[in-house]
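Trainee: Sharing a structure, written as structure tokens. Questions coming.
The values are calculated or read from the model by the stated rules, or taken from the named source; none is laboratory data. Model, not experiment: these values are computed from the prediction. In this analysis, Cβ positions are derived from the backbone assuming ideal geometry, glycine residues included, and neighbour counts consider all displayed protein chains.
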Amino acid sequence: MIQNNKKWMVAMIAGTMAIALGLMADGFAKVKKGDTRPLNTATWMKNVMKPNCGALKKEIAAGPKTEDDWASLIEHAEILNETSYILMEDKRCPDGIWANAASKTLRNGSDAVIAAAKAKNAAAVEKAFKKMTESCTSCHKAHKKKK
Ligand code: HEC
């Protein structure tokens with residue numbers, strides 16, 4: 001009887017470990033790509049996140065002057081804001097760090113950039129941009145694997 005209990009416990013532990021490993025592998029896969037759609041996270045980062053964030057940074061450094069300059073800031077921030085929703089879709093999000101970076105820091109930060117640019121307040125734009133880019137660092141620290 002005792003022997004049987006031991007065997008049963010070993011089987012339970014092995015089973016639990018197998019499930020945990022399966023979940024870990026699953027979590028990893030969802031970070032790099034969503035569940036059903038073809039988009040790889042890296043594709044979006046390279047083609048949408050980086051160019052729009054880079055352009056925003058340059059335009060802030062140059063100092064927006066004309067109506068077109070302010071409008072351009074807003075356009076880039078709109079795209080980054082929409083990204084905060086896309087990153088949460090298709091079961092891509094693995095945990096709270098990701099969710100916080102995307103749906104709080106990135107979303108609120110880009111919202112604040114848009115509001116400040118609409119008010120033509122360059123100092124507030126810069127401050128909001130800094131806050132927004134904390135999302136890149138926090139998510140990458142946890143989820144961007146070194147190559
Ligand atoms: C919620 C998570 C998250 C946020 C927020 C995020 N990233 Fe990423 N990013 C990732 C992950 C995950 C990868 C690695 C993808 C891979 O290698 O499969 C990545 C990779 C990248 C890459 C490398 C892409 C390549 O060519 O392989 C760049 C550039 C990048 N991110 C830019 C940014 C910028 C700029 C921001 C902020 C404005 C940002 N990311 C915010 C998750 C995030």
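Trainee: Just to be sure, is residue 89 touching a residue at least 40 places away in the same chain (Cβ under 8 Å) and either within 15 Å of the chain's Cα centre (by Cα) or surrounded by 16 or more Cβ atoms within 10 Å (Cβ to Cβ) (or both)? Step through it out loud before you land on a result.
Mentor: Details: touching a residue at least 40 places away in the same chain (Cβ under 8 Å): yes; either within 15 Å of the chain's Cα centre (by Cα) or surrounded by 16 or more Cβ atoms within 10 Å (Cβ to Cβ) (or both): yes.
So residue 89 fits the description; yes.
Trainee: Shifting gears a bit: Out of all the residues in the stretch 67-100, which are of a type in the set (S, T, N, Q) and more than 17 Å from residue 113 (Cα to Cα)? Walk me through it before giving the result.
Mentor: Applying the first criterion (of a type in the set (S, T, N, Q)) to the stretch 67-100 yields 72, 81, 83-84, 100.
Passing the criteria: only 100.
Trainee: Determine the pairs where a residue that is free of Cβ contacts under 8 Å to residues at least 40 places away in the same chain, located within the stretch 53-66, has a partner that is small (Gly, Ala, Ser) and in a helix (DSSP H, G or I) with Cβ atoms under 9 Å apart, the partner being 6 or more residues away or on another chain.
Mentor: Within 9 Å, the pairs are 55/72; 59/72.
Trainee: Conditions: (1) more than 8 Å from the ligand (Cβ to nearest atom); (2) β-branched (Val, Ile, Thr); (3) more than 14 Å from residue 45 (Cα to Cα); (4) surrounded by 14 or more Cβ atoms within 10 Å (Cβ to Cβ). Residue 66 meets all but one. Number of the miss?
Mentor: Status for residue 66: all satisfied but (4).
Trainee: Identify all residues within the stretch 112-121 that are surrounded by fewer than 16 Cβ atoms within 10 Å (Cβ to Cβ) and either assigned to a helix (DSSP H, G or I) or at pLDDT below 95 (or both); write none if there are none.
Mentor: Within the stretch 112-121, the first condition is being surrounded by fewer than 16 Cβ atoms within 10 Å (Cβ to Cβ), and the residues that meet it are 115, 118-121.
Selection gives 115, 118.
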